[in-house]
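Reading through the structure tokens given below for one structure.
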Amino acid sequence: MNSIIFDIDGTLIDSVDLHAKAWQDAFEHFGVKLGFAEIRSQIGKGADELVPTFLSKKDERAFGEELQQWRSQHFKSTYMESVKPFHKSHELLQRINEKGKLLAAGSSAKKEELDYYLDLLKAKDLFDVTTSADDVNKSKPNPDIFEAALSKLQHSASETVVVGDSPYDAQAATRIGIPCVGVLCGGFAKQSLVDAGATAIYKGPEDLMDKLESSPLFK
């Protein structure tokens, strides 16, 4: 493969539980009580896809946008500083970069959050292109973010592989013919990634780095 698109949340940084808690707080703030597990199962989608999962059309019109804005500020002020990179995330990106592969970030996060994460990973200079929720109208499991990344990379789907932790990454990738490598560090079940179309599964960045030469990233 000539280019690799990485999801960020749950793939390179340990943030899924923190995002789920922030969403749970936000829904509760607006009078909607939801279980942590049911919200967590939706992390990986952008707000445009997650909110309609839990709100009626009426409630979405009434306070959906306000809820999203509240959650965003709440996450930044309460949880963001607790986000940490997974072990060997930076080293994995560095090794891929050194091998001459093009790297893209394909994240459902807003650009401001994505920039924070890339700083956390010390990886701003390692990514050739970045795409975020700000670049598209629809987030994962829609393929728009990965399509935007392909356009910026100027590579075809057949030259590219996606690495992600959620079934929504795999669904988005496979819808446009990009193979997807799954990682389990985001907490999604292996079978859910396989069912969504992931062609290979690794424990996380360290495991993928240890097996990099034989992985789909280098085929």
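The values are calculated or read from the model by the stated rules, or taken from the named source; none is laboratory data. Everything numeric in this text was worked out from a predicted model, so none of it was measured. Methodologically, a virtual Cβ is constructed for each residue, glycine included, from the backbone with ideal geometry; neighbour enumeration extends over all protein chains shown.
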(message) Looking at A104 and the list (1) part of a strand (DSSP E or B); (2) surrounded by fewer than 22 Cβ atoms within 10 Å (Cβ to Cβ); (3) aliphatic (A, V, I, L, M), which single condition is not satisfied?
(response) (2)
(message) Just the residues that are touching a Gly at 6+ places or on another chain (Cβ under 9 Å) and in a loop (DSSP other than H, G, I, E, B), please, taken from region 173-196.
(response) P179, G187, F188
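Can you work out which of the residues in region 19-35 that are part of a helix (DSSP H, G or I) and out of contact with any strand residue (DSSP E or B) (no Cβ under 9 Å at 6 or more places or on another chain) is surrounded by the fewest Cβ atoms within 10 Å (Cβ to Cβ)?
Step by step, filter region 19-35, then rank; the result is E28.
Just to be sure, is V32 within 17 Å of the chain's Cα centre (by Cα), modelled with pLDDT of 95 or more and among the β-branched types (V, I, T)?
So V32 fails the test.
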(message) If I ask for residues that are out of contact with any Lys or Arg (no Cβ under 9 Å at 6 or more places or on another chain), over 20 Å from K111 (Cα atoms) and in a helix (DSSP H, G or I), which ones from region 145-172 would you list?
(response) A157, S158, E159, P167, A170
(request) Output the residues belonging to region 119-138 that are under 16 Å from H90 (Cβ atoms) and free of Cβ contacts under 8 Å to residues at least 24 places away in the same chain. (result) D119, K124, D125
(message) Kindly evaluate A172 against the criterion of being among the small types (G, A, S), surrounded by fewer than 24 Cβ atoms within 10 Å (Cβ to Cβ) and under 12 Å from the mean Cα position of the chain (by Cα).
(response) no
(request) Tell me which residues, restricted to region 122-139, are in a loop (DSSP other than H, G, I, E, B) and over 19 Å from S3 (Cα atoms). (result) K122, V136, N137, K138, S139
(message) Just the residues that are closer than 24 Å to D135 by Cα, of a type outside the set (S, T, N, Q) and over 13 Å from the mean Cα position of the chain (by Cα), please, taken from region 41-55.
(response) D48, E49, L50, V51, P52
(request) Scan region 174-219 for residues that are of a type in the set (A, V, I, L, M) and in contact (Cβ under 8 Å) with a residue 60 or more places away in the chain and jot them down. (result) I178, V183, L208, M209, L212, L217
(message) Looking only at region 39-57, filter to residues that are small (G, A, S) and closer than 10 Å to S108 by Cα; which one of those is surrounded by the fewest Cβ atoms within 10 Å (Cβ to Cβ)?
(response) A47
(request) Sort through E65, E38 and tell me the only one that's farther than 25 Å from A173 by Cα, assigned to a helix (DSSP H, G or I) and free of Cβ contacts under 8 Å to residues at least 60 places away in the same chain. (result) E65
